[in-house]
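Derivation of every value follows stated rules applied to the coordinates shown; laboratory data play no part. Not measured: the values here are computed from a predicted model. Neighbour counts are summed over all protein chains in view; Cβ atoms, including those assigned to glycine, are modelled from backbone coordinates with ideal geometry.
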Amino acid sequence: MNQIGTTVAAISTPPGKGGVALIRVSGAEAVNIVSRCVTLRSGKPLSALPARYAAYGDVIFEGAPIDDVLVTVFYAPHSYTGEDTVEICCHGGILLTKTVLSALFAAGAEQAGPGEFTRRALLSGRLSLTEAEAIGCLLEAGSTAQIRLSASAARTQLAKELSALHDGLLSLMSSLYAKIDYPDEDLADLTDEEIITSLLAAESKIQGLQATYRTGRAINEGIPTVLCGSPNVGKSALYNRLAGEDLAIVTDYAGTTRDVLSTSVPLGSVMLRLSDTAGLRETSDPVEQIGVSRSRSRMADGELLLAVFDASRPLSSGDNALLRELAECPQTVVVLLNKADLPRAIDEAAFAAFAHVIPLSAKTGDGIDKLTALIEKLFTDETLRVGEEAIVSSARQYAALTRAGEHLRISLDAFRGGMPADAAASDLELALGALADLDGRAVNEEIIADIFKRFCVGK
C-alpha cells in the first residue's frame, strides 16, 4: 500500500478484452500526471476542465498517440477518494490498457494496491469503515440478497445509525465529565434521570442492531450446512441440484462419494456454505473409513444438518442409527425424504421427533421451494427490509457492538447503583471506543489492512 499523498493509478475494470476499460488516477498530482500523457482534442489544458465533464483526447506513449479516450476530472473533496481524481475511459484491449497504465507510470503515477482507492476514501472521511466493508462485500456478491444487503442505501443507513449512536454517547460523556469536574456547579446538560434514560435508549439501540446480525450473517457470511445420510440416498444428487451444476459424481453404487465436497450456494435470500459428505456406514475399506470420519467431523462443525433419507425404501439399520444420533444433535436438523417422485416405502412415523421434515426429489426439484422457505424462516428475520434498513453483516461488526453493549450495561449498572459518576464514565468511554472501532474512527491498522487485502486492485 502506498503512502497517502502519493498519486496512484490502476485499471478499474476486469482484465480481458472488452469494449471499454476504465483507468483511475487519484492523488494531489492526478491532473498534472494525466496532463503529461493525455492531450485533449479541444486544445485546452486538462486543468481547465470543469468537474465531472467528459472530454475527448488522446493518450501519448513514447511520443506517439496510442488510443483516443474520454477523460473526466473529479476535484477534491468531491470525488470517490476525497482527492483529485481523473478517470480515463479507453478501448478495452488487454495490452492496450496495460500500455495506457504504463504511460501514467512514466508520467509519475504509482501502482495502486488492492482496495487503495476505497481505503483513501475511508481515510479522507468520505466513507466509514462499515461502508467500505459493504463495498467489498458488494464486489464479492454471489446472490441478489447480498447485493441488496451491501447496496448504497443499506450501507449508508447502517453508517448513519452507528454515527448517531456514537455522537449520542459522546454528548452523554461530555455531560458526565461536566458533572465530575465541576460537581458544585450546574454545568451538566442532563439530569441523572435523563442520563439513565439516554443510556437505556443507547443499550436498546445496540441490542436492536445486534439482533439483525442473525439475518446479515445468513445472507453475507453464509450458514455452514452439511448434507448427511447413509450411502446411496441421493446426497450428491441433491448437492448438484442445490448448486445448479454437476459438481459431485452421482452413480448407483453406494460409497461413490469418499471425501467432503464444499461450495457456496445461494438459496432464496440466504447463502449456504454447503458440504456433501460420504455416506455414513460401517466399512472395512480404509479409504471410505477416512471419508466417513471426515463426514462426522464436518457434521460436528455444521450449523445446519440436512439429513437425507431414501423415501423409496424402508429404513436401514444405518438410517435408524443416524436418526438416534440426530435426535441428540445441538444443531438445527432438517430431515429430507428424498426420491419423493418414486413410490413411498419409508415409515414416516420414525421421524415424529423431528420438527422439520420435507419430502423432495433431487431428480425433479420438487420440494426445493419448501426447503428454501423453511431455511429462510429459520435463519432470517423476515420482517427486516434488506436493502433499506441497517443490518449488521460481519463478525467484526457484531463483536464491536457486543463490546459496546457490555461496557454500556456496566456503566448503566454503576449509575443506577449510586456509584461515583467517574466509575460510570469509565465504562461509557470504553463503549464509545468500541463504537469508534466499529465505524473506523479509531480502528486498529491491522484490522483495516485485513479488510482491504480482500479488495481487487482498482477499487
**Message:** Which order do the peptides 111-124, 203-216 come out in when sorted by mean C-beta neighbours inside 10 angstrom, highest first?
**Reply:** 111-124, 203-216
**Asked** Under the definition of Cα pairs under 8 Å and six or more residues apart, what whole-number percent is the relative contact order of the stretch 8-126?
**Response** 32
**Prompt:** What does the convex hull of the Cα atoms come to per residue for the stretch 8-126, in Å³?
**Reply:** 91
**Message:** Compute and list, largest first, the equivalent-ellipsoid semi-axes of the chain from the alpha carbon gyration tensor, each √(5λ) rounded to a whole angstrom.
**Reply:** 49, 38, 16
**Prompt:** Could you give the angle, 0 to 90 degrees to the nearest 10, between helix 152-181's Cα long axis and the longest principal axis of the Cα atoms of the chain?
**Reply:** 70
**Request:** Write out the trypsin sites (Lys or Arg not before Pro) in the stretch 1-45 meeting two conditions: DSSP loop, and at most 11 other Cβ atoms within 10 Å of their Cβ.
**Result:** ARG41
**Message:** Can you find, among ILE94, GLY318, LEU199, the residue sitting farthest towards the positive end of the charge dipole of the chain, where Lys and Arg contribute +1 and Asp and Glu -1 at Cβ?
**Reply:** ILE94
**Request:** Kindly provide the helix-only [θ] at 222 nm of the chain, computed as the sum of -39,500 (n - 2.57) over DSSP H runs of four or more divided by all residues, to the nearest 500 deg cm²/dmol?
**Result:** -14000 deg cm²/dmol
**Request:** Please work out how many pairs of lysine residues in the chain are eight or more positions apart (or on different chains) and have Cα atoms closer than 22 angstrom.
**Result:** 9
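With +1 assigned to the C-beta of every Lys and Arg and -1 to the C-beta of every Asp and Glu, and no other charges, what is the dipole magnitude of the chain about the Cα centre in debye, to the nearest 20?
1680
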**Percent RCO, i.e. relative contact order, over the chain, from Cα pairs under 8 Å lying at least 6 residues apart** = 17
**Extension gain from GLU389 to ALA164, taking 0.36 nm per residue of separation minus the Cα-Cα distance** = 79.5 nm
